[in-house]
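These notes are about the structure you will find just below.
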Amino acid sequence: MNETSQTIAPPSVASHLLDRLNEAQRAAVEAADGPVLVLAGAGTGKTRVLTVRLAYILATGRAAPGQMLAVTFTNKAAREMSERIGHLMGRPTDGMWLGTFHAIGARILRRHAELVGLKSNFTIIDQDDQLRLMKQIIEAAGIDEKRWPARMLTTIVARWKDKGWMPDQVPTAEVGDFGHGKALDLYRDYQTRLGELNAADFGDLLLLNLKLFMKHPDVLADYHRRFRYILVDEYQDTNVSQYLWLRLLAQGSKNICCVGDDDQSIYGWRGAEVGNILRFEEDFPGAKVIRLERNYRSTPNILGAASGLIAHNQGRLGKTLWTEAKDDEAGDPVKIQGVWDEAEEARTVGEHIEDLQRKDARLDSMAILVRAGYQTRAFEERLITIGVPYRVIGGLRFYERQEIRDAMAYFRLIRQGDDDLAFQRIVNTPKRGLGDKSLQQLYTIARGRGQSLLSASEEIVTTDELPPQRRAGLREFVESIHRWRAQASHLPPSELAEIVLDESGYTGMWMVDKSVQAPGRLENLKELVRAMAEFESLDEFLDHVSLVMDIDNNSADDMVNVMTLHAAKGLEFDTVFLPGWEEGIFPNQMAIDENGYKGLEEERRLGYVGLTRARKRAFVLYAANRTVHGQWQNNIPSRFIDELPDDHVERGEAAGYGFVQDEGSLWQIAMKRPAYGNRQSNYHRVIEARSQRFGDGQEVYVPVGRGQGVPQTGDRVFHEKFGYGMVKGTDGSKLDIAFDKAGRKKVLADFVKPA
């Protein structure tokens, strides 16, 4: 019995597979032969189409499992696809080439390793081994690894491999100045060393496949005969190397089906090329393009807002999401709300969450989606304050992140010299020439004398127990700790933090680091400094963090989801909060500076992804003011807010520009015409003058909502001495407050803050 005949199923099976598909989905499944591009919009049933298409090809006898190649981006997606196909077919589908790009690439490479200079039992090295090997290569070349870090070279080489470039294919213009222009020579040395070790890194798994297919056409021809049908998931996320690999394999049968969404291509920063999906019809003449536009996830208003936003992108194939919901089922419009600052932004989101919770909404049906990881801190602390459990998806909680823990270790050691755990974490971070041997010697001496590591170090640096160079590094560290401790007694915590992070070299370490994580780590450190500005002393801040970290939010199953927009792709929630929609934050200024209009369009796609995560309701928030790099900064709303169509959004109380009028303890803003809304008249906005942030007559941008102004009757507030209470009446800057425990009192508005 031949391989194909074993897969033929009764006609009823193939027919049954199509029963629950809509017209477009069915067309995508039945267009089995020839090149096909399925443009699958958010929430349009892409996964169902993928699995049914594979099962349909098997059920109709077009191919045996071993003649099908299905490529995904994650192992989880591959497992789920395999399980669903088996369920549809009623039996396992053993033999199918189903897996990630790297897994399939490794499988092919092991079969033909000798043809690319490896043995079939080659090792696939991880990132740690890769970094270690890069350091050896740099040292052997006589290059200063402190100035030209191995991590930077690793990133450069990975980028070249993602573009499909072997050392002899890297364009001269791409070489750059690493190691005074020696990056290409180091790449050659690195590849040579990998061959000697019979090893490959992840980039090689496809790069060496390209080399194999190009230099050995007979091998490529064998895979042309083997793979009758090729199916690719998330095609918009492919890099150049993956694109070239797929194009070579598809030259055989031409039966390639790529499923993706050009409007959800958001990974350009890690090598994804949206152009791969945009030129599909050029690569495969005569290709069918099938659009999945019927959305099964979101309300018409959410879809209308998202479609209106993404329509401003020029680099797209174009589609419009729709749903069969009736006009009276349009759902809530997307709510746009301006707030005074990031603190009010977090309070506002918290209030919405509590309101939904009172209406029996589950917390795990809500998500806060931020553009950058550092933005989570304000929301984490607010959720802790109001007792709402949360989880950070795709990352650690703010104070658990590596760079924050490192910085906190410096602050802990400054406060308390006996904190050996903090000492151990930072004594050689960044590198001070203190290797494991030196540190072990230090630990032994400290234990023998019954001293803390810092106290022992103070004595050791005056002796010859360590080699001179290492002793100098330790002496500098000890002296710095003492200097910073003296400064801590009179400097505000945020100023001290900036000095410590700068003088220790810790910020500089991440500034020269060219890994994709480095910019985010620097932003987190800036946010840490900003957070410290809210505290009177270093002790107060450290105690606050200890209390925050002591709360175990993992004890509950029902938790609010907090994550970046990138991490949210593929997920869905009833309610989505989208804070920080301000120019410079979203769209991200660095993305625009580095990539121009291309970067702006990817930022807009990210906004589209955020909106389409929502099933029932979405809130977009922007703050008129934020603290950036320790400075109070006036912001303007994101251009994306203007691009949201009025028919599908509800804009909150108008925001606009006005002039500051100094009124003693209060700022009174004489507003001009609002930026949004139709109200023409001038009006005033009273804002608490907690600090001299603005000058008399200065033009500023403010939201007109309640904000951080004088509390109004019915507001809940907090007083440092009297605790929580409710405002019963107002008289200018004086408030009549009924405190929960202290009774009724009259206090100045300056001394309370919103609860």
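The values are calculated or read from the model by the stated rules, or taken from the named source; none is laboratory data. These figures come from a predicted structure and were not determined experimentally. Every residue, glycine as well, gets a Cβ built from its backbone with ideal geometry; the counts of neighbours run over all protein chains shown. Protein only, heavy atoms only, side chains kept; ligands, DNA and RNA dropped before computing areas. Shrake-Rupley method; radii C 1.70, N 1.55, O 1.52, S 1.80 Å.
Inspect the stretch 508-519 for any residue being surrounded by 15 or more Cβ atoms within 10 Å (Cβ to Cβ), touching a strand residue (DSSP E or B) at 6+ places or on another chain (Cβ under 6 Å) and among the basic types (Lys, Arg) and give the result as yes or no.
No, the stretch 508-519 contains no residue that is surrounded by 15 or more Cβ atoms within 10 Å (Cβ to Cβ), touching a strand residue (DSSP E or B) at 6+ places or on another chain (Cβ under 6 Å) and among the basic types (Lys, Arg).
So which residues in the stretch 383-407 are part of a helix (DSSP H, G or I) and open to solvent by less than 40 Å² (accessible area, probe 1.4 Å)?
Leu383, Ile384, Phe398, Tyr399, Glu403, Ile404, Asp406, Ala407, listed by residue number.
Given the criterion closer than 20 Å to Ile641 by Cβ, buried (at least 24 other Cβ atoms within 10 Å of the Cβ) and not hydrophobic (A, V, I, L, M, F, W, C), identify the matching residue among Asp341, Asp263.
Asp263
Return the pair list, or none, for Cβ contacts closer than 9 Å from residues in the stretch 269-282 that are under 13 Å from Ser241 (Cα atoms) and at pLDDT below 95 to residues that are basic (Lys, Arg) and surrounded by 14 or more Cβ atoms within 10 Å (Cβ to Cβ), at least 6 apart or on different chains.
Matching pairs, first to second residue: Gly271/Arg159; Gly271/Lys163.
When you scan the stretch 339-361, do you find a residue that is farther than 30 Å from Thr385 by Cβ and either modelled with pLDDT of 95 or more or touching a strand residue (DSSP E or B) at 6+ places or on another chain (Cβ under 8 Å) (or both), even just one? Please lay out each step first, then the result.
So the first thing to find is which residues in the stretch 339-361 are farther than 30 Å from Thr385 by Cβ, and the list is none.
No.
Could you list, ordered by first residue, the pairs with Cβ atoms under 7 Å in which the first is in the stretch 419-437 and within 16 Å of Glu403 (Cα to Cα) and in contact (Cβ under 8 Å) with a residue 40 or more places away in the chain and the second is among the hydroxyl-bearing types (Ser, Thr, Tyr) and open to solvent by 30 Å² or more (accessible area, probe 1.4 Å), at least 6 apart or interchain?
So the pair list comes out empty.
Looking at (1) assigned to a helix (DSSP H, G or I); (2) within 15 Å of Ser307 (Cα to Cα); (3) open to solvent by less than 10 Å² (accessible area, probe 1.4 Å), find the lone condition where Ala618 falls short.
(1)
Run down Phe577, Phe541, Phe586 and say which single residue is over 17 Å from Glu342 (Cα atoms), in contact (Cβ under 8 Å) with a residue 24 or more places away in the chain, of a type in the set (A, V, I, L, M, F, W, C) and buried (at least 18 other Cβ atoms within 10 Å of the Cβ).
Phe541
Is it the case that Arg475 is modelled with pLDDT under 85, farther than 26 Å from Glu381 by Cα and open to solvent by 70 Å² or more (accessible area, probe 1.4 Å)? I'd like the intermediate steps shown before the answer.
Working: modelled with pLDDT under 85: no; farther than 26 Å from Glu381 by Cα: yes; open to solvent by 70 Å² or more (accessible area, probe 1.4 Å): yes.
Judged against the criteria, Arg475 is not a match.
Any idea how many residues of the stretch 263-282 are touching a strand residue (DSSP E or B) at 6+ places or on another chain (Cβ under 7 Å) and under 20 Å from Ala591 (Cα atoms)?
0
For the stretch 137-145, state whether one or more residues are in a helix (DSSP H, G or I), at negative phi and buried (at least 17 other Cβ atoms within 10 Å of the Cβ).
Taking every residue of the stretch 137-145 in turn, at least one turns out to be in a helix (DSSP H, G or I), at negative phi and buried (at least 17 other Cβ atoms within 10 Å of the Cβ).
Kindly provide the set of residues from the stretch 698-725 that are surrounded by fewer than 17 Cβ atoms within 10 Å (Cβ to Cβ) and at pLDDT 75 or above, ordered by number.
Gln712, Thr713, Gly714, Arg716, Phe718, Gly723, Tyr724
Listed residues Leu184, Leu153; which is over 19 Å from His112 (Cα atoms) and open to solvent by 20 Å² or more (accessible area, probe 1.4 Å)?
Matching residue, one of Leu184, Leu153: Leu184.
For the stretch 356-373, which residues satisfy the criterion of being over 23 Å from Ala624 (Cβ atoms) and either without any contact (Cβ under 8 Å) to a residue 24 or more places away in the chain or among the β-branched types (Val, Ile, Thr) (or both)?
The answer is Arg358, Lys359, Asp360.
Filter the stretch 492-525 down to the residues that are more than 16 Å from Lys431 (Cβ to Cβ), β-branched (Val, Ile, Thr) and in a helix (DSSP H, G or I) and list them by number.
Ile499, Val500
Please determine, by comparing only the residues of the stretch 555-574 that are surrounded by 18 or more Cβ atoms within 10 Å (Cβ to Cβ) and not in a helix (DSSP H, G or I), which one is farthest from the chain's Cα centre (by Cα).
Met559
Among the residues in the stretch 327-338, are any more than 25 Å from Tyr296 (Cα to Cα) and either over 22 Å from the mean Cα position of the chain (by Cα) or not polar (S, T, N, Q) (or both)?
Looking for residues that are more than 25 Å from Tyr296 (Cα to Cα) and either over 22 Å from the mean Cα position of the chain (by Cα) or not polar (S, T, N, Q) (or both), one finds at least one in the stretch 327-338, hence yes.
Could you please find all residues in the stretch 324-337 being at pLDDT below 90 and either open to solvent by less than 60 Å² (accessible area, probe 1.4 Å) or β-branched (Val, Ile, Thr) (or both)?
Selection gives Ala325, Ala330.
State whether the residues of the stretch 354-366 include one that is in contact with an Asp or Glu (Cβ under 7 Å, 6 or more places away or on another chain), assigned to a helix (DSSP H, G or I), more than 18 Å from Lys569 (Cα to Cα) and of a type outside the set (D, E, K, R).
Yes; the residues of the stretch 354-366 include at least one that is in contact with an Asp or Glu (Cβ under 7 Å, 6 or more places away or on another chain), assigned to a helix (DSSP H, G or I), more than 18 Å from Lys569 (Cα to Cα) and of a type outside the set (D, E, K, R).
Only one of these is out of contact with any Pro (no Cβ under 7 Å at 6 or more places or on another chain), among the aliphatic types (A, V, I, L, M) and either open to solvent by less than 10 Å² (accessible area, probe 1.4 Å) or touching a residue at least 12 places away in the same chain (Cβ under 8 Å) (or both): Leu491, Leu501. Name it. Spell out the reasoning first.
Details: Leu491 fails: either open to solvent by less than 10 Å² (accessible area, probe 1.4 Å) or touching a residue at least 12 places away in the same chain (Cβ under 8 Å) (or both).
Result: Leu501 is the single residue among Leu491, Leu501 that is out of contact with any Pro (no Cβ under 7 Å at 6 or more places or on another chain), among the aliphatic types (A, V, I, L, M) and either open to solvent by less than 10 Å² (accessible area, probe 1.4 Å) or touching a residue at least 12 places away in the same chain (Cβ under 8 Å) (or both).
For residues that are assigned to a helix (DSSP H, G or I), of a type in the set (Gly, Ala, Ser) and buried (at least 19 other Cβ atoms within 10 Å of the Cβ), tally how many sit in the stretch 78-112.
Residues that pass the stated criteria total 4.
Quick one: Asp168 ticks every box in (1) under 28 Å from Glu273 (Cβ atoms); (2) touching a residue at least 24 places away in the same chain (Cβ under 8 Å); (3) not basic (Lys, Arg) except a single one, so which number is it?
Just one mismatch for Asp168, condition (2).
Any residue in the stretch 113-122 that is under 32 Å from the mean Cα position of the chain (by Cα) and under 30 Å from Asn276 (Cα atoms)?
No.
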